[in-house]
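Where a number appears in this text, it was derived from the coordinates with a stated rule and is not lab data. What you are looking at is a predicted structure, and each value in this text was computed from that prediction instead of being measured. Reconstructed Cβ throughout: ideal geometry from the backbone, glycine too, with neighbour counts over all protein chains shown.
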């Protein structure tokens, strides 16, 4: 994996043909994602022991969503599915949370939705939770600052697809 990422970086630096530029970027992002996955698997014992450590940072949520859309565009096109990101207007550009873990959760959810959907559509919805950690409600959300700290609000992520769904007895194991 490190070789793939290294050669991708070399190819990006020596890029002569701009038509491959986007493909190289996707390879680089996907490779970085795989590397993060490997690191997370290595940390599985910490997760199982209940010692998950969140490494919070502030980042642009829309950049993350663009990366995800690019990452999955070919996969949904090959299955002739539609993928929509429905993001509430109240969501600030920057959020503070563990970006790597959020990315991983969203990738896993989207991968499963694509895997178990043979036709139709997949939607990722992001909205402010009805009541958040600091008492912000949907009635007073207009007072939210453009960039908030971690404790200012809670985001709600939902995946909806036209796939087979999850068996009732399996839901409690999620």
query = Between residue 22 and residue 35, how many nm apart are label points set 7 Å from Cα along the C-beta direction?
reply = 2.4 nm
At R0 = 22 Å, FRET efficiency that the Cβ-Cβ distance of residue 96 and residue 158 yields, to 0.05 = 0.60
query = What is the list of residues in the stretch 155-172 whose amide nitrogen lies under 18 Å from a point 7 angstrom out from the Cα of residue 119, following Cα to Cβ?
reply = 161-165
task = May I ask you to order 96-108, 75-87 by the average number of other C-beta atoms within 10 Å around their residues, highest value first?
result = 96-108, 75-87
